[in-house]
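Colleague: Take a look at this one; I'll ask things after.
The values are calculated or read from the model by the stated rules, or taken from the named source; none is laboratory data. Note that this is a predicted model, so its numbers are computed, not measured. Heads up, the Cβs are rebuilt from the backbone with ideal geometry, glycines too, and the neighbour counts pull from every protein chain shown.
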Amino acid sequence: MKARGNFASKLGIILATAGSAVGLGNVWRFPFMAGHNGGAAFIVLYFGCILLLGIPGMVSEFIIGRHSQSNAARAYYEISGGQRRWRLVGYLGILTSTIILGFYAVVAGWCLQYLFASLMGHLSGDADYVLHYFQSFSSHPWKPVLWAVAFILITHLVIVRGVQNGIERASKLLMPLLLVLLVLIVIASCSLPGAMAGVEFLLKPDFSKVSGGVLLEALGQAFFSLSLGTACLCTYASYFSRDTNLLKSAGQIAFLDTFIAILSGLMIFPAAFSVGVEPDAGPSLIFITLPNVFQQAFGHLPLLGYVIGILFYALLVFAALTSTISMHEISTAFFAEELNLQRKKAAWIETLVCILLAIGCSLSVGAVDSLTLFGQSLMDFCDMLTAQIMLPLGAFLTSLFIGWVVDQRLVHDELTNQGTVAEGLFRAYQFSVRYIVPLCILLIFLHQFGVL
Ligand code: PHE
């Protein structure tokens, strides 16, 4: 078997897993999902999904990955004691992460372009100008396509170079920096005139907006943000060491991830309300509100606004990169090990497929608006298909698998690290993966598809 990418330290792999979770899902997708679904009520449901379904789901993937120390498909097969059909769940994860990478790269490409534009000072102007800038850039026939392809190629480069030192070291420095900057921008955004309406939107739940569809979107967003249901966590856990406490790691990563999502909400909505952008503006939300924050909040200190703008997009690009690397790694590890290919060749297969998909997605929201599937742009369709169907399905099957198929002594030993973690936690986890997680996901599905 070929060697896989390695991480130099224990902290490194946990940071890399947090890096996979924290990304555009928090800063870009969470705010527009919350905005689209009425704000605070959505966030309450989102918390519920993280706690009740997300954390047990993460632990399940960790157990499968760490126990089998191999790529996703093989991991499911081995831990089931050699039942071939469970490989399918691994394949599902590989397919899901490939589709996600296809459309995620488009948004990551927009961030790259915004980094470039803020460096050149192109984002300064009034609110109308900023709106127009986004519209004309995203519908340009080839520019956004090139940025998306560039982003995938950067991911490719990191993947073939190995995931070691560079990414690890950069994560240790840049993740805390991202946090500090977010807090700073939250303060700036909340100080804009009329900003309190945005804070209220985030904190005062209006449960009359809640429906089965909103619940499914909260579930999809929770899984998307935790990188759950794509076998990504399983692949990364295959590099965990024996004494990593799986439950504690899952809890810490989920907490950090949720904290960053909430900060992002507090960064976007006060600004959106202040400049009069509708909170349900959709995927363009952060691209049309943030440049306004950088200019208006720092109007009296333009140089500071300029520097913060650049730093912000640079950190966003970095946060997106640590996520795209994790999506890419799932398939690269799989192709390298199962087809017995060199890591480099394996990586190219994934890169080329993702480039094709990204070109289609990018064109579908810009130059070629006839690129639709079931009445949605290809980009929105891929987003909906993965977040609302494939991720919950992956987590549902994984939960049943670990609760009912895998040898429970093995699950016990992995979760308790050979008896060093409290027994009661194992019981609670077992109950949750056997009953709570599969039943909740099933009910949400049935409700959404009109059966209940
Ligand atoms: N969790 C990542 C984010 O929030 C996205 C992601 C999804 C990464 C699935 C890996 C797998 O941006």
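Colleague: Give Ser208, Ser225, Ser238 a once-over and let me know the one that is under 30 Å from Val59 (Cα atoms), at pLDDT below 95 and not charged (D, E, K, R).
Modeller: The conditions single out Ser238.
Colleague: Can you say whether Ser136 is out of contact with any Lys or Arg (no Cβ under 7 Å at 6 or more places or on another chain), farther than 25 Å from Asp369 by Cα and either within 16 Å of the ligand (Cβ to nearest atom) or not basic (Lys, Arg) (or both), as far as the supplied structure shows?
Modeller: no
Colleague: Would you mind finding the one in Tyr313, Tyr306 that is over 25 Å from the mean Cα position of the chain (by Cα) and either among the small types (Gly, Ala, Ser) or assigned to a helix (DSSP H, G or I) (or both)?
Modeller: Of Tyr313, Tyr306, the one residue that is over 25 Å from the mean Cα position of the chain (by Cα) and either among the small types (Gly, Ala, Ser) or assigned to a helix (DSSP H, G or I) (or both) is Tyr306.
Colleague: Listed residues Phe445, Phe396; which is surrounded by fewer than 22 Cβ atoms within 10 Å (Cβ to Cβ) and in a helix (DSSP H, G or I)?
Modeller: Only one candidate qualifies: Phe445.
Colleague: Please go through the range 219-277 and pick out each residue that is under 27 Å from Ala73 (Cα atoms), among the aromatic types (Phe, Trp, Tyr) and within 14 Å of the ligand (Cβ to nearest atom).
Modeller: Passing the criteria: Phe223, Phe224, Tyr236.
Colleague: Pairs only if they're at least six apart or on different chains, beta carbon under 8 angstrom, first in the range 300-325 and farther than 10 Å from Leu115 by Cβ, second among the aromatic types (Phe, Trp, Tyr) and outside any helix (DSSP H, G or I); list them, first residue then second.
Modeller: So the pair list comes out as Leu304/Phe298; Gly305/Phe298; Ile308/Phe298.
Colleague: Tell me, please, whether a residue that is free of Cβ contacts under 8 Å to residues at least 12 places away in the same chain, outside any loop (DSSP other than H, G, I, E, B) and within 17 Å of the chain's Cα centre (by Cα) can be found in the range 256-268.
Modeller: yes
Colleague: Here is a follow-up. In the range 14-33, which residues are more than 6 Å from the ligand (Cβ to nearest atom), among the aliphatic types (A, V, I, L, M) and farther than 18 Å from Phe255 by Cβ?
Modeller: Met33
Colleague: I would also like to ask the following. Looking at this structure, is Ser208 assigned to a helix (DSSP H, G or I), among the hydroxyl-bearing types (Ser, Thr, Tyr) and away from the ligand (no atom under 16 Å from the Cβ)?
Modeller: yes
Colleague: Residue check: is Ser326 within 16 Å of the ligand (Cβ to nearest atom) and part of a helix (DSSP H, G or I)?
Modeller: Yes, satisfied.
Colleague: Is it true that Leu363 is more than 16 Å from the ligand (Cβ to nearest atom), farther than 30 Å from Pro176 by Cα and surrounded by fewer than 17 Cβ atoms within 10 Å (Cβ to Cβ)?
Modeller: It is false that Leu363 is more than 16 Å from the ligand (Cβ to nearest atom), farther than 30 Å from Pro176 by Cα and surrounded by fewer than 17 Cβ atoms within 10 Å (Cβ to Cβ).
Colleague: Now, a different point. Quick check on the range 329-360: of everything there that is in contact with a Ser or Thr (Cβ under 8 Å, 6 or more places away or on another chain) and of a type in the set (Gly, Ala, Ser), which residue is farthest from the ligand (Cβ to nearest atom)?
Modeller: Going through the qualifying residues, I end up with Ala346.
Colleague: Restricting the range 130-161 to residues that are among the aromatic types (Phe, Trp, Tyr) and within 25 Å of the chain's Cα centre (by Cα), which is surrounded by the most Cβ atoms within 10 Å (Cβ to Cβ)?
Modeller: Phe151
Colleague: Then there is this: Name the single residue, out of those in the range 411-441 being outside any loop (DSSP other than H, G, I, E, B) and loosely packed, with under 15 Cβ neighbours inside 10 Å, that is nearest to the chain's Cα centre (by Cα). Steps first, please.
Modeller: Keep residues of the range 411-441 that are outside any loop (DSSP other than H, G, I, E, B), which gives 411-415, 423-441.
From what's left, loosely packed, with under 15 Cβ neighbours inside 10 Å: 423-425, 427-428, 431, 435, 439.
Numbers: Glu423: 32, Gly424: 31, Leu425: 27, Arg427: 29, Ala428: 27, Phe431: 27, Tyr435: 26, Leu439: 24 Å.
Among them, the one singled out is Leu439.
Colleague: If we scan the range 50-60, do we find a residue that is buried (at least 20 other Cβ atoms within 10 Å of the Cβ), touching a residue at least 40 places away in the same chain (Cβ under 8 Å) and in contact with a Pro (Cβ under 6 Å, 6 or more places away or on another chain)?
Modeller: Checked the range 50-60: no residue is buried (at least 20 other Cβ atoms within 10 Å of the Cβ), touching a residue at least 40 places away in the same chain (Cβ under 8 Å) and in contact with a Pro (Cβ under 6 Å, 6 or more places away or on another chain).
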